[in-house]
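Student: Okay, handing you the structure first.
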Amino acid sequence: MPDHDFETIQECRSCSSRGLVDILDLGIQPLANALVKDSHAPVKKFPLTTAFCPTCSLFQLKETVKKEILFDHYVWVTKTSKGAREYAQTFAHRVIQRAGLKGEDCVFEIASNDGTILKQFMAKGISVVGIEPAKNIAAMAMRDGVRTDCAYWNLATAERMIKQYASPKVVIARNVIPHVSQLHGVIEGIARALSDDGTGVIEFHSGRIIAEELHYDSIYHEHLCYFTAHSLGWLLNKYGLYPYAVDISPISGGSLVLYFSKTKRILEPSYLDILDQEKKSGVNEALVWQKFFKESNAHREKTLDLLKGLGDKVIVGFGSSARSATYINFCGIGKNYLEAVIDNNSLKQGFMTPAGDVPIVSFEQGMALKPDVIFILAWNFGQEIMDECAKRGFKGQYIMPFPKEPRLIKSV
Ligand SMILES: [Zn+2]
């Protein structure tokens, strides 16, 4: 019987080419954010496979799970991480500079979450509108005084919003474009809303870094497209949008912030450098992704060898992120190795990891298990986690699984 909860694409999500090349198969996986209360509860699983498009160079997920199922239990909130909060300030400062924003200007942010980023613009007297589809999170932003419209972003939303508010001088989309199944509607909406002299800003996990540093853990059902500056530029061009500058971002373990406009501007060295790096790395060719597939399998074996080498030491994970779900399920890591997973997000505590068998606990509960080793699953917050553990007296070892190689680190 066909499963109506997901579809498998036959053509490229961006350019509609039918010549997709199959790459990595991560097996049958539960949804990365579907935490369960009871380890015996049935967990729905879906295939998790990837493909590369030789026409527009987009590396992408083949399965599209219905968004009603994906976003049913959305528990990630931007302000959970100290690093994310600090970066919000840097990000806003750069956008204000590049777009030459002034007091009377308006900024739209697509998938504005709890308003962490928009607050930075409000602090400079710039008017803002957040667009956030998750009701509970939009309400949280509004309680904090951030004007937020609870909606999915598309052409119709864009048209309604420019009538209701103003034509924005800046439209921001941070780490959301790679997650939308209606890719074309979202980009078309940006092209429609942006004022003629405006600046679009898209932040995304860099495909080149994913390939080079083996971030296969960033592949999960919500993350449909793995863009490079080249492949995203291809899509923007289709809607009359032209990239001209790039900033480097630490988010997700290596992201790019791409700036674009409705008219062609002089290409800045930052943008030309990134295109050059991508060209040299070969990330816009299928060969690199085929190598990524082989190396990801080898990485899994290295992870398991490292864990087996620890014998009967007590291991506690740290960070029950969406990414860690793919990683531990792909490697077959559950209660066979982990006593518990610490997560500072209280909304996740009391649940089990998405494979359903490791309890998610608070820092205190995790430490009460007297771990010899902390397995840093949310490794892109690695330093922050090690600092916190050290400050609170942990003296054991850490496993840092990425980038590139899993390794053991001693406490300092
Ligand atoms: Zn394509």
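The values are calculated or read from the model by the stated rules, or taken from the named source; none is laboratory data. None of these values were measured; they are calculated from a predicted model. Quick reminder, even Gly has a Cβ in these numbers, built from the backbone with ideal geometry, and neighbours come from all protein chains shown. Quick note on the areas: whole protein, heavy atoms, side chains included, nothing else; ligands and nucleic acids left out. Shrake-Rupley method; radii C 1.70, N 1.55, O 1.52, S 1.80 Å.
Student: When Lys and Arg each count +1 and Asp and Glu each count -1, what net charge do the other residues less than 12 Å away from residue 281, Cβ to Cβ, add up to?
Tutor: Local net charge: -1.
Student: Taking amide H atoms as placed 1.01 Å from N in the peptide plane, list the residues 5 or more away in sequence, or in a different chain, whose amide H sits under 5 Å from that of residue 221.
Tutor: Sorted by chain and number, the residues that satisfy this are 32.
Student: Let me ask something else. What are the residues whose amide H is under 5 Å from the amide H of residue 127, where those residues sit 5 or more places off or on another chain and H is modelled from the backbone?
Tutor: Answer set, sorted by chain and number: 105, 107.
Student: With a 1.4 Å probe and every protein chain left in place, work out the accessible area per residue of the chain in Å², rounded to a whole number.
Tutor: Per residue, the chain has 43 Å² of solvent-accessible surface.
Student: Here's something else I'd like to know. Angle between the Cα long axis of helix 322-331 and the longest principal axis of the chain, 0 to 90 degrees, nearest 10?
Tutor: 40 degrees
Student: Let me ask something else. Enter the angle in degrees (range 0 to 90, nearest 10) between the Cα long axis of helix 82-99 and the first principal axis of the Cα atoms of the chain, meaning the one along which they spread out most.
Tutor: Taking the Cα atoms of the chain, the angle to 82-99 is about 20 degrees.
Student: Right, something else. Using 15 Å as the cut-off for backbone N distance, which residues of the range 1-45 belong to the label zone defined by a point 7 Å from the Cα of residue 67 along Cα→Cβ?
Tutor: Within reach of a label on residue 67: 7.
Student: Wrap a convex hull around the Cα atoms of the range 216-299, take a quarter of its surface area, and give that in square nanometres.
Tutor: 6.5 nm²
Student: Also, I was wondering about something else. Taking Rh as the Kirkwood radius computed over C-alpha pairs, what is the Stokes-Einstein D of the range 1-61 at 37 °C in a medium of viscosity 0.692 mPa s, expressed in µm² per second?
Tutor: Answer from the Stokes-Einstein relation: 244 µm²/s.
Student: Could I ask something else about it? Where the centre of each part is set by its Cα atoms, how far does the range 331-369 sit from the range 1-70, in angstrom?
Tutor: Centre-to-centre (Cα) distance: 25 Å.
Student: Nearest 500 deg cm²/dmol is fine: what mean residue ellipticity at 222 nm does the chain get from its DSSP H runs of n ≥ 4 alone, each adding -39,500 (n - 2.57), divided by its residue count?
Tutor: Taking each H run of at least 4 residues, the total per residue is -10000 deg cm²/dmol.
Student: Dividing the alpha-carbon radius of gyration of the chain by 2.2 N^0.38 Å (N being the number of residues), what value is obtained?
Tutor: Taking N as the residue count of the chain, the ratio is 0.97.
Student: What Cys residues in the chain have no fellow cysteine's beta-carbon under 4.7 angstrom?
Tutor: That list is 106, 150, 225, 331, 389.
Student: Next question. Could you tell me which trypsin sites (Lys or Arg not before Pro) in the range 331-398 are loop residues by DSSP with no more than 15 other beta carbons within 10 angstrom of their beta carbon?
Tutor: When the trypsin sites (Lys or Arg not before Pro) of the range 331-398 are filtered for loop state and at most 15 Cβ neighbours within 10 Å, 335, 392, 395 remain.
Student: Between residue 411 and residue 17, what is the spin-label point distance in nm, taking each point 7 Å from the Cα along the Cα→C-beta axis?
Tutor: The answer from the label model is 5.2 nm.
Student: Please work out the ratio of the alpha-carbon Rg of the range 314-380 to 2.2 N^0.38 Å and round it to two decimals.
Tutor: In units of the 2.2 N^0.38 Å rule of thumb, it is 0.95.
Student: Mind checking which of 360, 23, 126 has the largest fluctuation in a GNM of the chain, springs on alpha carbons under 10 Å?
Tutor: Fluctuation is largest for 126.
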